[in-house]
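Values quoted throughout were computed directly from the atomic coordinates according to the rules given, and no laboratory measurement underlies them. Treat the numbers as computed from the prediction; the structure is a model and nothing was measured. Here the Cβ positions follow ideal geometry from the backbone for every residue, glycine too, while neighbour counts run over all protein chains shown.
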């Protein structure tokens with residue numbers, strides 16, 4: 001069984017890894033040791049998406065959905081929640097279906113960011129791919145790929161660190177909203 005503290009711990013760990021990544025090589029990600037850079041980005045996405053996975057356990061418990069904790073996943077939790085409920089909507093935003101789906105038209109929208117977070121987590125944590133797009137002589141020097149599944153799309157127009165902080169904030173804010181709703185349910 002997961003608790004709100006476990007969700008917040010994962011968010012804290014992701015924020016720590018992001019802070020370390022931001023300081024790596026005095027902020028020059030392109031010049032940092034690839035192994036150091038890769039470790040921190042893997043841990044960032046692992047913990048960021050892990051917070052959402054722990055959050056589904058909290059929802060399962062607080063809403064008394066009775067899904068076996070060994071089998072809890074976002075899709076099954078959402079199926080048991082009423083259509084249109086705020087918790088369901090937030091969980092679906094936090095964990096969109098990406099398999100076989102194209103990148104949303106606006107990769108910088110909330111929908112696009114949540115989609116990219118999952119794609120990055122899958123590519124970085126499960127396949128060991130480098131998510132960074134480096135430029136020589138232009139800015140931003142270090143960005144994320146727009147879609148790591150298709151390198152031909154190139155890099156983001158935003159600096160990698162700025163975009164990663166935005167990802168963290170989107171996930172943190174939605175997790176806090178769900179935790180607040182779950183707390184209200186248990187009173």
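Key figures
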| item | result |
| --- | --- |
| Residue within the range 85-98 that is outside any helix (DSSP H, G or I), exposed (fewer than 13 other Cβ atoms within 10 Å of the Cβ) and touching a residue at least 24 places away in the same chain (Cβ under 8 Å) present | no |
| Yes/no for residue 31 being closer than 16 Å to residue 165 by Cα and surrounded by fewer than 19 Cβ atoms within 10 Å (Cβ to Cβ) | no |
| So residue 121, is it at negative phi, buried (at least 17 other Cβ atoms within 10 Å of the Cβ) and within 18 Å of the chain's Cα centre (by Cα) | yes |
| Residue pairs meeting the criteria (Cβ under 6 Å; at least 6 apart or on separate chains; first free of Cβ contacts under 8 Å to residues at least 24 places away in the same chain, in the range 13-24; second crowded, with 17+ Cβ neighbours inside 10 Å and not in a helix (DSSP H, G or I)) | 24/32 |
| Residues located in the range 150-166, provided they are more than 16 Å from the chain's Cα centre (by Cα) and under 20 Å from residue 125 (Cβ atoms) | 150, 151, 156 |
| Among the candidates 82, 131, 148, 102, residue that is in contact with a helix residue (DSSP H, G or I) (Cβ under 9 Å, 6 or more places away or on another chain), free of Cβ contacts under 8 Å to residues at least 12 places away in the same chain and either over 26 Å from residue 31 (Cα atoms) or surrounded by 20 or more Cβ atoms within 10 Å (Cβ to Cβ) (or both) | 82 |
| Positions within the range 25-73 being free of Cβ contacts under 8 Å to residues at least 40 places away in the same chain, within 25 Å of residue 140 (Cα to Cα) and not in a helix (DSSP H, G or I), in sequence order | 32, 33 |
